[in-house]
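The block underneath contains the structure these notes are about, expressed in structure tokens.
Since every read-out is calculated from the coordinates, none of them should be taken as a lab result. The shown structure was predicted, so the numbers you read here are calculated from the model rather than taken from an experiment. All Cβ positions, glycine included, derive from the backbone under ideal geometry; neighbour counts span all protein chains shown.
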Amino acid sequence: MPLQVEPARSATSPAYRGCEQRAGSHAIVIGVLNNMPDPALEATEGQFSSLLQAAAGSHPVRLCFSCLPGVPRGPAARERIERIYWSLEELLRQAPDALIVTGTEPRAASLSDEPYWAQFVEVLHWAEEHTASSIWSCLAAHAAVEVLDGVRRQRLGQKRFGVFEHTVLAGHPLVRGVSAPLRMPHSRWNELPVGELRAAGYAILSCSPESGADFFVKQRRSLHLFFQGHPEYERTTLFKEYRRDVGRFLSGQQSSYPPLPCRYFSAAAAAALREFQERALSQRTPELLTDFPAAAAAGAHSSWRPAALTMYGNWLSWVAKAKAAAGTTVQAQA
């Protein structure tokens, strides 16, 4: 079933009101709050569009892209957002059936000191009251859990970077059809402690001693899903992040050379990247990045994609059933 991306509209225009009325149809309307940094903004749009398109099956899906206005932006990103994104106010008036909220690179030591914090809290409470379900990705998962239950993330000794293998909680409908080990990419400097999550009532659906909680949920008024990993990532996303971090090291923006993402590259690609690392450690100049072995991208594997499609397909089916049940209730009350 084709996925449709709804262009932004004025909240006062007839076209907007028509879209608002169509929200009660059988199509699943999903608001995607894309808060990723400027260089990843367009790529993230493509990642979620591609994943939802492939996972939708027979479910018609409409996406409305938006973002938190408090996230700092450069001129090019602001122009793109003004051109094709719904404003946050417009998106909430649209009353989507579900939300997907991404994180962004932190700027403050504490999440509550981020410039968009108040807006994030408002969106979380709105999702709790008005959506069937919501997905909180990476830093957004950390922020949401802190707001909902006061569980704060902890800083890791080094970046958790690569593809990790997880056990799966058998029998839960959101992981039906997913077999262990579940492989999932992670890219983060912080984590939410497994013990504290369980004590706060979260059901951890995939977990690993190496990477901690991967995918976990909590049913409140709305069903909240949390990913510390990135099922939406495309095959070369970790490669691009690794190259970015190498560039930051070469330019002096970070002090240590980034770790090679684990369980991701072929042996040949990993060997070429380690050889480049030796050069970079002895010839640390920004210009060296032009010699970065781009061919190594061909040795990157997207082993998580089948599981990602299954999990998102399960979620879309859950939202579709919740939407249908809500519609039946409204008709009965009428």
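Grab the beta carbon distance between ARG244 and GLU122, set R0 = 25 Å, and tell me the FRET efficiency rounded to 0.05. With a Förster radius of 25 Å, E is 0.20. Can you compute the label reach from VAL194? Point 7 Å from Cα along the Cβ direction, backbone N cut-off under 15 Å, restricted to region 212-253. Counting backbone N atoms under 15 Å from the label point, the list is 212-217, 228-229.
What does the helix-only formula give at 222 nm for the chain: each DSSP H stretch with n ≥ 4 adding -39500 (n - 2.57), the total divided by the residues, and the result rounded to the nearest 500 deg cm²/dmol? Computed ellipticity for the chain at 222 nm equals -12500 deg cm²/dmol. With the charge dipole of the chain set up from +1 on Lys and Arg Cβ and -1 on Asp and Glu Cβ about the Cα centre, the Cα lying farthest toward the positive end among the listed residues GLY299, PRO259, HIS186 is that of GLY299.
Angle of helix 41-55 to the longest C-alpha principal axis of the chain, folded into 0 to 90 degrees and rounded to 10: 60°.
Using a ≥ b ≥ c from the Cα gyration tensor of the chain (square roots of the eigenvalues), is it rounded, prolate or oblate, where a/c under 1.5 gives rounded and otherwise the larger of a/b and b/c decides, a/b for prolate?
Working: a/c = 1.76, a/b = 1.50, b/c = 1.17.
Here the chain falls in the prolate category.
Efficiency by 1/(1 + (r/R0)^6): what FRET value for ALA95 and ALA297, r their Cβ-Cβ distance, R0 = 45 Å, to the nearest 0.05? Taking R0 as 45 Å, the efficiency between ALA95 and ALA297 is 0.65. Taking region 24-58 and a reference point 7 angstrom along Cα→Cβ of ARG83, the backbone N atoms nearer than 17 Å belong to 38-46. Rounded to the nearest 20, the Cβ-based charge dipole of region 237-299 about its Cα centre (Lys and Arg +1, Asp and Glu -1) stands at 160 debye.
Kindly state, to the nearest 0.05, the FRET efficiency for CYS262 paired with SER110, given R0 = 30 Å and r defined as their beta-carbon distance.
Numbers: r = 29 Å, r/R0 = 0.98.
In this case the efficiency is close to 0.55.
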